Structures are given as C-alpha cells and as structure tokens.
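> Let me give you the structure first, and then I'll get to my questions.
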Amino acid sequence: MKQTPAPGLGTPLQYLKGVGPRRAEQLSRKGLATVEDALFFVPLRHEDRTRLTPLRALQPGQAATCSGTIVGLSPPPPGRSRAPFSVLLRDASGYATASWFGGGYLARVLERGQRLVLHGKIARYKGAIVIQQPDYEIVETGEDDRLHTGRLVPVYSTTEGLPQRALRSLMWRIVDAFTRDVPEVLPDAVRARRRLVGLGPALRDAHFPETDAALGAARHRLAFDDFLLLQLGLAILRSRATRARGIAMNPRGELVRRLRASLPYTLTGAQERVWEEIRRDMAAPSPMHRLLQGDVGSGKTIVAALAVLTAVEAGYQAAVMAPTEILAEQHCMTFRQLLEPLGVPVTLLTSSLASRERAARRAALAAGEVPCVVGTHALVQEGVEFRRLGLAVVDEQHRFGVAQRARLKGKGDNPHLLVMTATPIPRTLALTLYGDLDVSVIDELPPGRRPIVTVARTEAKRREIYTFLRGEIAAGRQAYVVYPLVEESEALDLKAATDMAKHLAEDVFPDLTVGLLHGRLGFDEKDAIMRRFKAGEIHILASTTVIEVGIDVPNASVMLVEHAERFGLSQLHQLRGRVGRGPWKSYCVLLAGGRLTEEARRRIDAMTAANDGFRIAEVDLELRGPGEFFGTRQSGLPEFRTADLLRDARILEEARVEAQAIVAADPELRGPAHRALRAGLLARWRGKLALASAG
Ligand code: ADP
Ligand code: MG
C-alpha cells in the first residue's frame, strides 16, 4: 500500500495500491469515493460456489449456480440481432446451454475452452436445458482464486469497464486491510442485549463470510445500525416536540357539540375513538403531533372539523392544507357548510386567486380576522402570517414532504399538528416514515357502505360500458370518467380529455349533461363545475387526474378509468375511492387497452381482487419497493445503506425500542457512551436534525 495519511475509513480509494485514476472514476460512478463507502457497499447477493449444481442436475423453474467449460458458441445469425447468443457448456456430468438476448457483444468476450461460473434461471427450451440470461464470470486460475470459487462468493453491482472479478479483488483487499480498525458505534449494553456482532466483523462478513450464519449475523447488524440511526433521529425529533411548550386548549366544547348535533349521521366508533385521542392531545400543554390514518371514505374530514372548532373556540386560528387546488376548494366548501352556520367563517387561500384578493386574505389572516383558512401549499409560502395559529391540519399528507409540514407548523408558535392520510401503509413503513408522530387509525367505514365492484375491461366492451353508465344515470346516479397523463405535453393531454368529453357529450350521451374538469381551468370555472356536479346537474364528469384525491360526491356511483394501465396502484385506489361514498352500490371500471406489461397486469389484478386499502398498499410496496413507494427524497428522511424494509421488518422493531430507550435516558446524546452514535447520527441526518452541537 502507498503511504496514506492515516489508515482510516476516510481514505480516498484512489490512494489504494492498484487503483488508478480510471478505476477511481469507475468506482465513483458507483458512489464509492472512500474506504468507508466501499465497506458499506454490500454485495447484491452471494453465490454458494462450494456447492455448484452439476449441469445434469439443473431443474427447470429454479435459479442455480453452476460451472462449465465452453465447448461451442452460437452467435445470432447475421441480420437477426434479436435472436439470443448461446454457448454450449460441459462439465463432468453433462451439457447445458446458456443464452443471452441482446448478447451480441459476447462474441468479443467469450471463447471456446474458457471456464464460466454462471448464475441464472433454468428453463427447458425445445427439450434442452437452458440457463437464461445468466450472470457469468470467466474463471481464470490465479493466485486469488480462493476469492472467486469454492466459497460464498460476493456478487456486486458493477458498472461499465469494472469487471466483477476486479471489483471483488479490490473489495477483498479493502476488507482485509481496514475492517480490523473500524471503531464500534453501538453502546456495549445495546450490543449485548441484542446479541449483535461487532461492526468490524460485520463488515468483513457482509462481504466475505465463511458461512451462511456469519452472513446472516452481519446483515442483521448492519441493518440494525441503519434502522437505529433513523429511529434515533425520529425519537429525538419526537422528544423535542413533546418537551416543547404548546397550547393547552380546553374550551367548553360548545362549537363541537353544536356541530355534532347538526350532522345527519352519528360518528362511527372509530371516529369517536380518534376524536377522543385528538381532543386529549389538544388539551395537553405540549403540542399535538398526530397522524390520522383511514382508508378513502372513512370520514377523516369531519374529525378534522371537530379539531378546527376546538382551536377556534379556544381563541386560535386553524389552517387546513390540501395537496391540490380542487381538493382545497372542495374542503373549503365542506368546511363552510359545516362551520359557517355556527358563526365561524372559512377562507380559501390558493395561488390561483387574483393577487389583489390573495393579498387581502393574507392581511386578514395576519390580523387574526380569519379563524379558519383552507388552502394549498400557498399557505406555507413566504409572507403568509397568522396572528395566532393554534392548529395545523395537513390532508393527504403523503403528497407533502416533512419539510412542508414543518413549514406550516412554523407559521405558529408550536401549534398542534394533525396530518391525515388515506394511504394506509404497513406498520414497518409507518414506523419509518412517521416515527416522530403518534398514530390514530379509523379502521371502520361509515355504516351501509358496500364494497365497490371493480372490473377490468378492454376496448371491445366500450359500448356495453356506456350502456351501463346510462342505466346508472337513469337510476339517479352520476359518473366520473377519468383520463390519465397520456401525452408528454400537458396541452396534448388536455386535448385528449377535451376531445373525449366532446365526444361523450355530442355523440354518446347527447341527452345528458357532461362536464369537463381539468387543472387549467380558473378557480371560478372549476368551482362552478364542482358545484353543478355536487348538485346533480352534471351527470357525467369527464376529468383529468385532478379529482384523484379527496373529492366527495356521495351520489356518484361509477368511476370509469381510461387507460387504467397507466396509473399507479395507489392512484387507482384513490380514484376508486371517489365512488362508494353513499348507500348505493358502486362500480369502478378499469379500461385497459392493448398489451399490458407484467406490472400493469398485477396492478389491475390487485384492484379487482381487493377493496381494502391496506392490501392495496402492500402490493404497491412489493411492486415498487419502499424507495419508490414513498420516495425517500420526498419524505425527507435519510437513506438506508444496507437495510431492506421488507426483509428486515423485525430488526426495525428492535432498533426502535432501543432508540426510544436511548433517547429517554439521554435526549440529546450527550453522554460519553453515546459519543460515537451521535457522530454517526449527525453524519446520516446531515442538516436535518440540527442537534445542538456539544461545546
Ligand atoms: P375521507 O376519509 O376519504 O377524507 P370523507 O371525510 O370525505 O372521507 O368522508 C366520506 C363521506 O362519508 C362524506 O360524504 C362524509 O360526509 C361521510 N361520512 C363521514 N362520517 C360519516 C358517518 N359517521 N356516517 C355516515 N357518513 C359519514
Ligand atoms: Mg379526505
């Protein structure tokens, strides 16, 4: 090894022997700049090359690792570049074929006589055993052979020009040279209690384990650290929030009583329970920090209205933030209907208001003349001020990030915070994303709701679908027809929706009233159309996805989704949630054209199979993975280095318990036993946690 400043984890990889500028550049493309980066760059998987499957024993339908010598090559014939490139392999037991689609380049890489180790899915094709699209490695006999064969061999994600073997050899040298000196970050007590291996050995075994058990213990330890750093950060945020001085709101409850008396229904048991939790939070002297979860249509709005009235009666202002203009407008209408009879005026604040009007409303807010405001993210813009903000409500929270909800809260002096979401998520994800919030769940729909009948149809059934729509409308119901973002450009997209609405109005349903709603309409136009639809004057509302969340018109019983294959799963579930809000049997028709991708097929199958938002969320999570599902960037949380939320759910629970215990004993991690942990935490959360830095 060349002379290095200190043999520390911060050593740039380019200082290592055998890493020239070119290799360093390739490594940096994988995000690897330092020794530490490399140590935490855990393999995609390990191949058990102590147990290579003999070629004769390969079973179709399974994935296997095997090895063989190339005895024949068949490149695709000229002019048929889409045919697979295949090679015939032989080992002591027999023969098998390996084949790659798009493998034309292999002609320059593979030759007769080479020995390959392959890993891939086995199939039978025209009677022969074929290893499909395998990962492969050319095995040469060399001095570091023990790394590449005869053991659990790590397989890394590589990049152009960085061969698997070269990367593995480099990793071996790094692991060998540095893991002995990796400092421990966990307090001894935690390690002992959770039976965790040391960080150094864990890093070594995560790359080059001697046994499966060692690999398992290593992964466990690394995942634990990932989760612990996340949960510690969340626990600190939460502990700060509960230690902060808030506003204890204990009004007599006159407004709440009057609103409840005015409702045409009684609250469900679940609504009563969560309202009680919220009421108690708001009465306490520390700020509420609560997530209200409930499937679409479970009745979250009315619970929010009760919270708003409590703040207002206590003499404070309340703000309700929604992710879209249409939803903000609708909420404003709903809140007006509910609150104005009680003498509580409601104001709307969105960016599509004329600037004069907006300025006037801002001034009224700042002067404290407006007790309740409903709006979009326009609420958190600079210049919006409240005189006495006591309650911040964020609806459809999954559309916002941590930063926006913090900004709304920041408009007041520790106001109570209630965030609501209709994207029910598995518990592990909830702990990760909302670990700093208390959670209330409405796990019951209002009585009389019936499951929505969901069907998938193709273009061939269009006329029957129209006939069905007509029948529902004749029976007094209403329908939505939704168009996705089809074109690259919003203008073209709008044109598709406009043309379709025109076609429906003029050719298909000339005797009915068809309305068109899209994001480009001005406030008054949108407002007028929504009002007319709510009043039953519009029979069919053709719309772009602007109605996706929140919209509530109980008389609508049919949701027809055009190009359903283009929507994400949670989007489809939200759209479906626009119907089935009244006592009538409701339908969701997913019109999907052409050939579907595997994923689209699974999304549509999930919709027709399940009505339950939790089940839908689980499938969505499986299909997209946690990163995409909630977009870590959007959520504003630090990324995991090695942990996998789906695989490691149990470890997450353990880490959470430890994080809470640590923060309960030492809220800002000042104790000497927590010094290393604190450094790790600051590094992982970067600016987001702003721990008061110790002297
Ligand atoms: P979401 O939870 O999706 O936001 P909403 O708050 O929009 O649901 O409520 C859906 C519909 O259910 C609304 O029309 C609302 O008036 C109605 N609703 C809410 N609570 C009840 C209840 N306890 N009984 C009957 N209907 C209710
Ligand atoms: Mg809602």
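> If you take the square roots of the eigenvalues of the alpha-carbon gyration tensor of region 70-115 and sort them as a ≥ b ≥ c, do you get rounded (a/c under 1.5), prolate (a/b over b/c) or oblate? If you can, show how the numbers build up before the last one.
Numbers: a/c = 2.79, a/b = 1.91, b/c = 1.46.
Cα axes put region 70-115 in the prolate bin.
> Between Lys121 and Arg252, how high is the FRET efficiency from 1/(1 + (r/R0)^6) when r is the Cβ-Cβ distance and R₀ = 60 Å? Nearest 0.05.
0.30
> From the phi angles alone, apply the Karplus equation (6.51, -1.76, 1.60; θ = phi - 60°) to region 211-224 and give each ³J(HN,Hα) in whole Hz, x where the residue is Gly or Pro.
9, 4, 5, 5, 5, x, 5, 5, 4, 4, 4, 5, 5, 4
> Pairwise over distinct Cα atoms, reciprocal of the mean inverse distance: report the Kirkwood radius of region 400-446 in Å, one decimal place.
After inverting the mean inverse Cα-Cα distance, the result is 12.4 Å.
> Please give the FRET efficiency for Arg520 paired with Tyr15, using the beta carbon to beta carbon distance and R0 = 41 Å, rounded to the nearest 0.05.
With R0 = 41 Å, the Cβ-Cβ based efficiency is 0.15.
> Looking at the square roots a ≥ b ≥ c of the eigenvalues of the Cα gyration tensor of the chain, which shape do they give, rounded for a/c under 1.5, prolate if a/b is larger than b/c, or oblate?
oblate
> Separate question: Calculated FRET efficiency, Gln381 and Ala283, Cβ-Cβ r, R0 30 Å, to nearest 0.05?
0.45
> Are there GluC sites (Glu not before Pro) in region 526-587 that DSSP puts in a loop and that have at most 13 other Cβ atoms within 10 Å, and which ones?
Filter output for region 526-587: Glu537.
> Oh, and also: Would you tell me the accessible area of Glu444, worked out with a 1.4 angstrom probe on the heavy atoms of the protein chains, in Å² to the nearest 10?
For Glu444, the solvent-accessible surface is approximately 80 Å².
> Pulled fully out, how much extra length does the chain show between Gln59 and Ser355, if you take 0.36 nm times their separation in residues and subtract their Cα-Cα distance?
Result for the pair: 99.6 nm of gain on full extension.
> A further question follows. So for the chain, taking the charge dipole from beta-carbon charges (+1 Lys/Arg, -1 Asp/Glu), which of Leu234, Ala661, Ile547 sits furthest toward the positive end?
Of Leu234, Ala661, Ile547, it is Ala661.
> If you take every DSSP beta bridge fully contained in region 88-136, what fraction is antiparallel? Give it as a percent rounded to 5.
Of the beta bridges lying entirely in region 88-136, close to 75 percent run antiparallel.
> Straight-line reach from Lys30: which aspartates and glutamates have a Cα under 16 Å away, not including same-chain ones fewer than 8 places off?
Glu160, Glu639
> Could I ask something else about it? Rounded to the nearest 500, what is the chain's calculated 222 nm mean residue ellipticity when only DSSP H runs of at least 4 contribute -39500 (n - 2.57) each, over all residues?
-12000 deg cm²/dmol
> Here's another thing I want to ask about it. Please report, in whole Å³, the volume per residue of the convex hull around the C-alpha atoms of region 138-293. List each step's numbers first, then the result.
Values: hull volume 37.3 nm³, N = 156.
Dividing the Cα hull volume of region 138-293 by its residues yields 239 Å³.
> Report, as a whole number in µm² per second, the diffusion coefficient that Stokes-Einstein gives for region 1-107 at 4 °C and 1.567 mPa s using the Kirkwood radius over alpha carbon pairs.
It comes out at roughly 73 µm²/s.
> Between Ser262 and Arg82, what is the label-to-label distance in nm when each label sits 7 Å out along the Cα-to-Cβ direction?
6.5
> Nearest-5 percent of antiparallel DSSP beta bridges in the chain? Show your work: numbers first, answer last.
Working: 33 of 85 bridges.
That works out to approximately 40 percent antiparallel.
> Here is a further query. Work out how far the C-alpha atoms of region 514-611 reach from end to end along every principal axis, then list the three figures in whole Å, largest first.
42, 32, 20
> Quick one: 3J(HN,Hα) in Hz for region 333-344, Karplus 6.51/-1.76/1.60 with θ = phi - 60°, rounded, Gly and Pro as x.
Per residue, the Karplus-derived 3J(HN,Hα) values read 4, 4, 5, 4, 4, 7, 9, 5, x, 8, x, 10 Hz.
> Restricting attention to region 89-119, which chymotrypsin sites (Phe, Trp or Tyr not before Pro) occupy a DSSP loop and are surrounded by at most 16 other Cβ atoms within 10 Å? Display every interim value, and only then the final one.
Numbers: sites: Tyr95, Trp100, Phe101, Tyr105; in loops: Phe101.
Loop-located and lightly packed - Phe101.
> May I pose another question? Whole-Hz Karplus ³J(HN,Hα) for region 553-567, in order, using 6.51 cos²θ - 1.76 cosθ + 1.60 and θ = phi - 60°, x for Gly and Pro?
Result, rounded to whole Hz: 10, x, 6, 6, 10, 10, 10, 9, 9, 7, 6, 4, 5, 8, 8.
> Which of rounded, prolate, oblate describes region 377-512, given a ≥ b ≥ c as roots of the alpha-carbon gyration tensor eigenvalues and a/c under 1.5 marking rounded, otherwise prolate only if a/b is larger than b/c?
Here region 377-512 falls in the prolate category.
> Same structure again: Hey, can you grab everything whose amide H is under 5 Å from the amide H of Leu348? Only 5+ residues off in sequence or another chain; H modelled, so Pro and N-termini drop out.
Val374
> Sorted by accessible area (1.4 Å probe), largest first, how do Asp37, Asp135 line up? Could the numbers behind the result be given before it?
Working: Asp37 50, Asp135 80 Å².
Output order, biggest surface exposure first: Asp135, Asp37.
> Please work out how much length the chain gains when fully extended from Arg566 to Arg670, using 0.36 nm per residue of separation minus the C-alpha to C-alpha distance, in nm with one decimal.
Gain in length upon complete extension: 32.4 nm.
> Show the residues, 5+ positions off or on another chain, whose built amide H is closer than 5 Å to the amide H of Asp413.
Result for Asp413 returns Leu389.
> How big is the accessible area of Glu340 in square angstrom, nearest 10, if you roll a 1.4 angstrom probe over the protein chains?
Ignoring ligands and nucleic acids, Glu340 comes out at about 80 Å².
> While we're on this one: Quick query: amide H of Arg457 versus all other amide H atoms, modeled in the peptide plane; which residues come in under 5 Å with a sequence gap of 5 or more or a different chain?
Leu590, Leu591, Ala592
> Using 0.36 nm per residue, how much length does the chain from Ser93 to Arg641 gain when fully extended, once their Cα-Cα distance is taken away?
Additional length available on full extension: 193.1 nm.
> Something else now. Could you estimate the translational diffusion coefficient of region 383-427 from the Stokes-Einstein equation, with Rh from the Kirkwood formula over C-alpha pairs, at 4 °C and 1.567 mPa s, in whole µm²/s? All intermediate terms of the calculation are to be shown ahead of the outcome.
On the way: Rh = 11.3 Å.
Diffusion coefficient, whole number: 114 µm²/s.
> May I pose another question? Using a basic spin-label model with each label point 7 Å from the Cα along Cα→Cβ, how many nm lie between Ala366 and Asp48?
Between Ala366 and Asp48, the simple spin-label model gives 7.0 nm.
> A further question on this structure: Could you tell me the accessible area of Met420 in Å² (1.4 Å probe, neighbours in place), rounded to the nearest ten?
For Met420, solvent-accessible area is about 0 Å².
> With every protein chain left in place, what is the accessible area per residue of the chain in square angstrom, probe 1.4 Å?
Values: 31510 Å² over 695 residues.
With all protein chains present, the chain gives 45 Å² per residue.
> Taking region 252-292, which trypsin sites (Lys or Arg not before Pro) meet the DSSP loop condition and have no more than 12 other C-beta atoms within 10 Å?
Of the trypsin sites (Lys or Arg not before Pro), the ones in loops of region 252-292 whose Cβ has at most 12 other Cβ atoms within 10 Å are Arg252.
> Still on this structure, please answer the following. Leaving ligands and nucleic acids out of the surface, order Trp172, Trp275 by accessible area at 1.4 Å, largest first.
Trp172, Trp275
> In the chain, carbon and sulfur make up what percent of the accessible area (probe 1.4 Å)?
51
> On to the next question. Pull up the cross-link candidates among the lysines for Lys526, meaning alpha carbon to alpha carbon under 25 Å and not fewer than 8 places away within one chain.
Lys300, Lys495, Lys502, Lys534
The values are calculated or read from the model by the stated rules, or taken from the named source; none is laboratory data. All values reported here derive from a predicted model rather than from experimental measurement. No Cβ is skipped: glycine too gets one built from the backbone with ideal geometry, and neighbour counts run over all protein chains shown. To get the accessible areas, we keep the full protein, side chains included, count just its heavy atoms, and leave off ligands, DNA and RNA. Shrake-Rupley method; radii C 1.70, N 1.55, O 1.52, S 1.80 Å.
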